[in-house]
Amino acid sequence: MQLFLDTTDTAVLRDLVSTGLVDGVTTNPTLIAKSGRPMLEVIAEICALTEGPVSAEVAAVDAKTMVAEGTKLAAVAPNVVVKVPLTREGLVATGEFARQGIQTNVTLCFSAAQALMAAKAGATFVSPFIGRLDDHGADGMELIHEIRAIYDNYGFDTEILAASVRNPAHVTAAALAGADCATIPPSVFLDLFKHPLTDKGLEQFLSDWAKTGQSIL
Ligand code: E4P
């Protein structure tokens, strides 16, 4: 399973990329606004920090302008993935990007029917929003299962990118459901390493080792 970081914080990204476990990055207009920086500058900096896919989202709502914006974003670096909303216009733009060989991440997916349409349009990634569905009283993880079954039934190669991930349990459940990737906030990435029994066990080992008076080096 590929793990992407959902962030525009380049200092945090630089630090976490050093683990060797970050496969790519996603951004959205909210995260760009949070950075307080010009979008193209942030995307270029992120693309220099990772060779993996970096999603950069269009701001237009009509297909023609989305294609113009996406073409400009894709020119920033070879690993830019143009992110488009899952609307009728967004899927028209997705089809055009597919014809041009530009990778896409179709975002704001909340139903299996929408995911089917994204795959038919030629999306590289589709982003079902698990956490926001859960907040809405639905079962976000069930959507991942449904999309996996539909894509496998018809051999679609659109990758399922679990998004709006709120905790490590979401990550493991998405992995079990067959999501190809998950995009996660840096805080959740750090939580993936943790378990209280690991801390307790290590404390005991270190204490017992100290009693031996030995040194390996
Ligand atoms: C993914 O591409 C989105 O940017 C992100 O996962 C949204 O997460 P949120 O629902 O926590 O804002």
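For the reader, a short list of remarks on this structure follows.
- Rg/Rh for segment 121-213 stands at 1.21; both radii use Cα atoms, and Rh follows the Kirkwood definition.
- With every protein chain in place, the chain: carbon and sulfur % of accessible area (1.4 Å): 58
- Calculated mean residue ellipticity, 222 nm, the chain: -15500 deg cm²/dmol, from DSSP H runs (n ≥ 4) at -39500 (n - 2.57) each, averaged per residue and rounded to 500.
- The peptide list 20-26, 197-203, put in order of mean Cβ contacts within 10 Å with the highest first, becomes 20-26, 197-203.
- For segment 2-212, averaging the sequence separation of C-alpha pairs within contact (under 8 Å, six or more residues apart) and dividing by the residue count gives a relative contact order of 16 percent.
- Antiparallel %, DSSP beta bridges [both residues in the chain], to 5: 0
- Packing around the peptides 94-103, 79-88, 205-214, 9-18, taken as the average count of other Cβ atoms within 10 Å per residue, puts them in this order, highest first: 79-88, 94-103, 9-18, 205-214.
- Using a probe of 1.4 angstrom and keeping all protein chains present, the accessible surface of segment 66-179 works out to 44 square angstrom per residue.
- Residue order for R148, R132 - accessible surface, 1.4 angstrom probe, largest first: R132, R148
- Applying the Kirkwood pairwise sum to the alpha-carbon positions of the chain produces a hydrodynamic radius of 18.3 angstrom.
- Packing around the peptides 71-78, 51-58, taken as the average count of other Cβ atoms within 10 Å per residue, puts them in this order, highest first: 51-58, 71-78.
The values are calculated or read from the model by the stated rules, or taken from the named source; none is laboratory data. As the structure is a computational prediction, the values presented were derived from the model and not from experiment. No Cβ is skipped: glycine too gets one built from the backbone with ideal geometry, and neighbour counts run over all protein chains shown. Quick note on the areas: whole protein, heavy atoms, side chains included, nothing else; ligands and nucleic acids left out. Shrake-Rupley method; radii C 1.70, N 1.55, O 1.52, S 1.80 Å.
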